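Working notes, structure below.
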Amino acid sequence: MTDTPPTSLSPQPTAPPTALTVREITEDDLDGWGRAYSKGNFIPYRTASLERRRGVFEPGRWLGAYEGGECVGTFRGLALDLSVPGGALLPVLGVSSLAVVPSHRRRGILSALMAHGLGAAVARGEAAAVLHSAEYPVYGRYGFAPATRHGGFTVDVTASGGLRPDLDTSGTLREAARRRYAASARPCSTRPAGAGRAR
């Protein structure tokens, strides 16, 4: 019996996978973290954004997933307050800046980042985690769901003192807004919308 050379179908030795580490980042990590975030979202990296990130950096809340010393996934936690009925404010975790570089997708990196970030929020006593996402179905596996489909505000311009009165201290803008409003205003009612209508 003779030895046959290995073919492409023969099992080949492979290097063991490099261990993945999820950890809180430091200010020194912001450049590599930003590059991973840009790469994961297919946007150009701008060195000017590094200074902006330094200005909003919250130690202990920003996470990076590292493989072989390189940042391959990002997570940014925000300290937010959520207003609830009765006027109370609850501390919550805002989830932002999630990204995994394309070469490392489908390896559980986002799940590892979310587990670390949400676990830290529980340890801090934060009541919930919130995020604003264009692709919210992706986050259903982590317990997120839409909180509302739409919302809106009604502002009484005359009672508020005009449109952005802080932009013009002379009152010119305020008076112009009042004149425009008075010219187009209709009598208003304090009844709730739909009250007293025939059905």
Can you spot a residue in the stretch 147-156 that is modelled with pLDDT under 75 and either of a type outside the set (A, V, I, L, M) or under 22 Å from A121 (Cβ atoms) (or both)? no
Count, please, the residues in the stretch 51-71 that happen to be loosely packed, with under 10 Cβ neighbours inside 10 Å and within 19 Å of A121 (Cβ to Cβ). 2
May I ask you to list pairs of residues, at least six apart or on different chains, whose Cβ atoms are under 8 Å apart, with the first in the stretch 74-98 being farther than 12 Å from V130 by Cβ and in contact (Cβ under 8 Å) with a residue 24 or more places away in the chain and the second being buried (at least 21 other Cβ atoms within 10 Å of the Cβ) and among the polar types (S, T, N, Q)? S97/T74; L98/T74
Check on A112, surrounded by 11 or more Cβ atoms within 10 Å (Cβ to Cβ) and either under 17 Å from the mean Cα position of the chain (by Cα) or part of a helix (DSSP H, G or I) (or both): yes
The residue from A48, A19 that alone is closer than 29 Å to A120 by Cβ, at pLDDT below 90 and open to solvent by 70 Å² or more (accessible area, probe 1.4 Å) is A19
Can A112 be described as out of contact with any His (no Cβ under 6 Å at 6 or more places or on another chain), at pLDDT 95 or above and either under 22 Å from Y142 (Cα atoms) or not aromatic (F, W, Y) (or both)? yes
First in the stretch 134-159 and closer than 13 Å to S111 by Cα, second anywhere and of a type in the set (G, A, S) and open to solvent by 100 Å² or more (accessible area, probe 1.4 Å), Cβ under 8 Å, 6 or more apart: none
S8 is checked against (1) modelled with pLDDT of 95 or more; (2) among the polar types (S, T, N, Q); (3) assigned to a loop (DSSP other than H, G, I, E, B) and fails just one. What number does that condition carry? (1)
In the stretch 115-131, anything assigned to a loop (DSSP other than H, G, I, E, B) and either without any contact (Cβ under 8 Å) to a residue 24 or more places away in the chain or hydrophobic (A, V, I, L, M, F, W, C) (or both) is listed as A127, A128, L131
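The values are calculated or read from the model by the stated rules, or taken from the named source; none is laboratory data. Since the model is a prediction, treat every value here as computed from it, not as a measurement. Glycine also receives a Cβ, built like all others from the backbone with ideal geometry; neighbour counts cover every protein chain displayed. When the accessible area is computed, the model is the full protein with side chains, heavy atoms only, and any ligands, DNA or RNA have been set aside. Shrake-Rupley method; radii C 1.70, N 1.55, O 1.52, S 1.80 Å.
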